[in-house]
Each structure stands twice: as structure tokens, then as C-alpha cells.
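Visitor: First the structure, then my questions, so here it is.
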Amino acid sequence: MKWFVRADIDGFFGLALDNLVQLLVIVGLCRHVLGFSDNLIYQHILPGAAVSLLVGNLYYAYQAKKLAESSGRNDICALPYGINTVSLFAYIFLVMLPAKMLAEAAGAENPEQTAWQAGLLACFGSGLIELSGAFVVERLRKATPRAALLSTLSGIALTFISLGFLFRTYAHPVVGLVTLGVILLVYFGKLRFRGNIPGGLVAVALGSLLSWLMGLAPVGAMPDNQLSLYLPVPVLGDLFEVLASEHNLSYLSVIIPMGLFNLIGSLQNIESAEAAGDSYPTKPSLAVNGIGTLAASLFGSCFPTTIYIGHPGWKAMGARAGYSILNGAFITLICLTGSLSYIAWAVPVDAGMAIVLWIGIVIAAQAFQETPKSHAPAVVMGLLPGIAAWGAFMAKNGVRAADYGSGSMPAFSDAMLMRFQQSDIWIHGAFALEQGFIFTAMILSALTVAIIERQFVKAAIWSGAASLLSASGLIHSYRWTVSDTALSLTPAWEWSIAYALMGLIFLSAKWICVKD
């Protein structure tokens, strides 16, 4: 298999756009929510992100090339890799912002520095969990039905990726639908443009042109930061300082679940790649993911990396190893030169969103295509917690859009639950499902497969696992913040008891039920 093929350009545009969006979100939130200076963002955070992304992208490209050589195939696609979106928001709002507020209350001279160091600690802790988990999590993969692993990803793809970008497509239909038409022709219709011009390139170029004609670009004012070379610099002193801090244990309630979330999510993406025909070893794949996250924290980035959702989509595009190398080189270039803001100014997200929408569709479809037909109900069961989490996310954003939880409006509290119940919307259940939904989805789907196969003891074991996770507070346990809900890591006894009783029903099935 060659290092580069024509279709790697298509894959590059999709993956680079996704990574670009993550970086823009990082810059926006760090600047406007945390008050970080441009010096901190461009001299430490973005160069640290570049190191972490380059490490993984180059390794996964090399891994794909070696797998192609050992298997004698030329259709191997590298695992996609990037910054974890969920951890990005969790660390900013649940670690770094509270750290800054505490520092301000204590009269610290530089509360932003304290917030950044807290983010470094969270990223470092997540990396340790990801790296150590790589050596034991293969057992979980072998014990979990494919429907449980793939349906969890499908729920995320269907909602947070597909529906989110579908809304944006119909908000700007001239750009969104026209570029979607290009993507459907090329990837679902299996057609090529004359001259072998990559479909992804056509979609992004056409989307950019239409965006400028429709007034969607340029985005905002011309950036005022100067182009320069910002080389990565280790920040070991800052990391050691926060590790020795008396407050470091206070962030474990966020670090532990986020680290486990990243680990399980990456494991599911490896399973997704195997279902698409590319069987990668679990241990080194996850270990390098953890090393990438550790590298991020050592060089100034507060944001963990992950093996991305979407491998079947990139593979269907024809991408192989080269798209991963191109993505690593591109992200490194824009992070180390300060050109990120100029690209975002000239090329809006709308120009390439059809590619990401298509990836979400492919992932959602894979869960049904690559599992036994009889397991389809289990796939649907695994979709539901992800849909519920997205629904909770949308509901909270709607509430915040009405200024609830800010200014003169009341903060998020139990009173909100009653407001929703008056419309027969039991949002409490959605908020409970949202916490640890990736575990809940996997367990519900797995026990449904066990029931379909009439393996009632196995179904009871999965119920017992859900009971233990609830008792530990890793799922369903949430607390109120001023304008959100967050995992509280306190026992969710009501759910724990319910899962335990559910397991007892499964165990007694052979005595209380008869075959239909």
C-alpha cells in the first residue's frame, strides 16, 4: 500500500475540518470564558495540542502501513485521531473555570495561570488512565457484544454529529445542501469528478465560494494576531507545581470519569474499525492515544486526545495512511504559526460540514450493517442513551438561551424539573441518562443481546455492572451548577437498586418464564 493515494485528500479535508473546529472552540472558550491571554493560547496551548496531534497521526499512519504489509492488502485505513470534544468542555467548565474562580476569591495575582495549571493536571490524569487502561481493556472488548460497542458510537454520530450539522445545513441551505449534494454523489453514488478531482476538495472549494457569495464569509473581523513561529516548550515546572498543590485531589471527580470515557470511547472506535475490515491491536492503539494525551499536558495543552469516531467513513472515502499524515502536518503548521485564526476567518465551517454530516450517517448505519440481524433491537437500545444525552444538551442550551441561570434569572435547580414536568417532559431522566451515557448505552445494549440469545446469567451480570457503576456515582449521578449539570460521583442509589432488581429478574427467568 502506498503512503499516499488520491482519496487521502478527501479524507484529509474531513478530518482536518473536524480538528480545526475543535481548535477554534478551544481558542474561543479559553479567550472569552477563561480570559486567557493570546500569549498563553498561542505560545503554550496550541503548540502543546500540535505535539499531541502529530504524535498520534504519524503513529496511526505508520500502523496502517504496517498492517497493510503484514496482511498483503492495499485498502487499510488509518485510525482517525484528534482532540476529545467531551473532555474539552468538561475540563473548561468543570475544572479550569472553577479553579479560576477559587483563585480569584483567594486574591491570587494570576488566576488564569491557576486555571491553566488545573487543566494541565486534568489532561495529565486522563492520559495516565488512558495509558494504563490500554493494558487491561481488551478483556472488556472480548466480553462485549459488537452491537453494544457500535450502537453507542451510533447514538453519538446520529445526534452530536449528524443532527447538529443537519440543523446547520438547513440554516444555510444554499451552502449546506449544495455541498451535501456533492458529497452524496461522490460517496453514496460512487462517482468521480472528471480529471480525478477529489470530491472533498470540490465540496470545500464550492462551499467556500458560496459562503463568500452568501455573506457567511469572511467570519468576523480580520485577525489582528501576527504570524510567527511558536515552538513547543515543555511546561514541566507548571505541571509539577499543580501536582504538588493541596487542591489537586479536588478535580478527581472530573478526571476519573473523563479518563474512563476517553478510554471506552477509543475502544469502541477500534471495534468500529474492525467491523469495517481493519483489525488493529488494542493495546498499542490505546497506549499511543494515552501517550498523545500525556504529551499534550507536558507541552502546555489542557485537552486530551482520542481515537476518533468515523473510521468506516474515511475508509469508504478511499482514505488510507496519507490522510492521517496530512492532517498531522496541517494541524501542526496552523498551531505553530498562529495562522489558525486567518483560516477560520476565510473558510467557515459551513464550507465542509457536509463531509462531517456524511461521516455521522455512515457510523450510524454501521451499527445495523455489521451486527447480526436479530440484534437490531439491541442496537436501538444502545442508541437511546446517546439520543437522551443530546436531548439534555439541547434542553440546557435552550434554557441558557433564555438567560436562565445568569443575571437576574434563577440558577439551575430542582425548580427546573417541575417546569419541564408541567409539559410532561421528564427531564430529570434525561439529566440522569446524560451522566456516563456511554457506559449506560453499552450495558443496555449488551444485556439486550444476552436476552435475545437467552443467556440470562450474562444479562444479570451486565445489570450488576450497571448497579455497581451507579453505586460508585460514575453513571446517573448529577449535581447542579449555576448554568449546567455535572457528574457528582456520589452514589445514585435509586438506579443502583433498580439495576440490581433487574438482574434478579433475569436470574429467575428460567423459573418464572416459559418459552414462547
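Visitor: Would you mind finding the one in Val204, Val174, Val182, Val136 that is out of contact with any Gly (no Cβ under 8 Å at 6 or more places or on another chain), assigned by TED's automatic domain parsing to the domain that holds Pro281, in contact (Cβ under 8 Å) with a residue 40 or more places away in the chain and not small (Gly, Ala, Ser)? Steps first, answer last, please.
Guide: Details: Val204 fails: out of contact with any Gly (no Cβ under 8 Å at 6 or more places or on another chain); Val182 fails: out of contact with any Gly (no Cβ under 8 Å at 6 or more places or on another chain); Val136 fails: in contact (Cβ under 8 Å) with a residue 40 or more places away in the chain.
Step by step, each of Val204, Val174, Val182, Val136 is checked, and only Val174 is out of contact with any Gly (no Cβ under 8 Å at 6 or more places or on another chain), assigned by TED's automatic domain parsing to the domain that holds Pro281, in contact (Cβ under 8 Å) with a residue 40 or more places away in the chain and not small (Gly, Ala, Ser).
Visitor: Just to be sure I understand, how many residues within region 46-105 are of a type in the set (Asp, Glu) and assigned to a helix (DSSP H, G or I)? Explain how you work it out, then say what you get.
Guide: Initially, region 46-105 is screened for residues of a type in the set (Asp, Glu), giving 69, 75, 104.
Filter again for assigned to a helix (DSSP H, G or I), leaving 69, 104.
Matching residues across region 46-105 total 2.
Visitor: Where the second residue is modelled with pLDDT of 90 or more and in a helix (DSSP H, G or I) and the first is more than 19 Å from Ala316 (Cβ to Cβ) and in the same structural domain as Asn289 (by TED's automatic domain parsing) and lies in region 66-91, which pairs have Cβ atoms under 6 Å and are six or more apart or on separate chains?
Guide: Close Cβ pairs satisfying both conditions: Tyr91/Gly119; Tyr91/Ala122.
Results for (1) farther than 22 Å from Thr481 by Cα; (2) among the polar types (S, T, N, Q); (3) in the same structural domain as Met353 (by TED's automatic domain parsing); (4) at pLDDT below 95, shown as yes or no for each residue.
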residue: Gln22; (1), (2), (3), (4): yes, yes, yes, yes
residue: Asp38; (1), (2), (3), (4): yes, no, yes, yes
residue: Gly48; (1), (2), (3), (4): yes, no, yes, no
residue: Ser52; (1), (2), (3), (4): yes, yes, yes, no
residue: Gly56; (1), (2), (3), (4): yes, no, yes, no
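Visitor: Could you look through region 8-24, keep only residues that are of a type in the set (A, V, I, L, M) and touching a Phe, Trp or Tyr at 6+ places or on another chain (Cβ under 8 Å), and pick out the one that is nearest to Thr332 (Cα to Cα)? Give the derivation first.
Guide: Step one: filter region 8-24 for residues of a type in the set (A, V, I, L, M), giving 9, 15-17, 20-21, 23-24.
Those left that are additionally touching a Phe, Trp or Tyr at 6+ places or on another chain (Cβ under 8 Å): 9, 15-16.
Working: Ile9: 17, Leu15: 14, Ala16: 11 Å.
Only one residue fits best here, namely Ala16.
Visitor: Of the conditions (1) assigned to a helix (DSSP H, G or I); (2) in contact (Cβ under 8 Å) with a residue 40 or more places away in the chain, Leu333 satisfies every one except a single condition; which number is it?
Guide: Failed condition: (2).
Visitor: I would also like to ask the following. Among the residues of region 66-96, write down those that are aliphatic (A, V, I, L, M) and touching a helix residue (DSSP H, G or I) at 6+ places or on another chain (Cβ under 7 Å).
Guide: Restricting attention to region 66-96, the residues satisfying the condition of being aliphatic (A, V, I, L, M) are 67-68, 76, 78-79, 83, 86, 88, 90, 92, 94-96.
Answer for region 66-96, where residues must be aliphatic (A, V, I, L, M) and touching a helix residue (DSSP H, G or I) at 6+ places or on another chain (Cβ under 7 Å): Ile76, Ala78, Leu79, Ile83, Val86, Leu88, Ala90, Ile92, Leu94, Val95, Met96.
Visitor: Follow-up. What tally of residues in region 399-451 results from selecting those that are free of Cβ contacts under 8 Å to residues at least 12 places away in the same chain and either basic (Lys, Arg) or buried (at least 19 other Cβ atoms within 10 Å of the Cβ) (or both)?
Guide: Total meeting the criteria: 1.
Visitor: Related question: Can you tell me which of Ala134, Ala103, Ala99, Ala108 is buried (at least 24 other Cβ atoms within 10 Å of the Cβ) and touching a helix residue (DSSP H, G or I) at 6+ places or on another chain (Cβ under 9 Å)?
Guide: On the way: Ala134 fails: buried (at least 24 other Cβ atoms within 10 Å of the Cβ); Ala103 fails: buried (at least 24 other Cβ atoms within 10 Å of the Cβ); Ala108 fails: buried (at least 24 other Cβ atoms within 10 Å of the Cβ).
Result: Ala99 is the single residue among Ala134, Ala103, Ala99, Ala108 that is buried (at least 24 other Cβ atoms within 10 Å of the Cβ) and touching a helix residue (DSSP H, G or I) at 6+ places or on another chain (Cβ under 9 Å).
Visitor: To continue, here is another question. Out of (1) closer than 23 Å to Leu17 by Cα; (2) surrounded by 20 or more Cβ atoms within 10 Å (Cβ to Cβ); (3) without any contact (Cβ under 8 Å) to a residue 60 or more places away in the chain, what's the single condition that is false for Phe167?
Guide: Phe167 satisfies all of (1) closer than 23 Å to Leu17 by Cα; (2) surrounded by 20 or more Cβ atoms within 10 Å (Cβ to Cβ); (3) without any contact (Cβ under 8 Å) to a residue 60 or more places away in the chain except (2).
One line per residue, one yes/no per condition, for (1) surrounded by 24 or more Cβ atoms within 10 Å (Cβ to Cβ); (2) touching an Asp or Glu at 6+ places or on another chain (Cβ under 6 Å); (3) over 17 Å from Ile307 (Cα atoms); (4) among the aromatic types (Phe, Trp, Tyr):
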| position | (1), (2), (3), (4) |
| --- | --- |
| Asp8 | yes, no, yes, no |
| Leu24 | no, no, yes, no |
| Leu29 | no, no, yes, no |
| Asn39 | no, no, yes, no |
| Gln43 | no, no, yes, no |
| Leu53 | yes, no, no, no |
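The values are calculated or read from the model by the stated rules, or taken from the named source; none is laboratory data. This one's a predicted model, so the numbers in the text were calculated from it and none came from an experiment. Cβ sites come from the backbone with ideal geometry, for glycine too, and all protein chains shown count toward neighbours.
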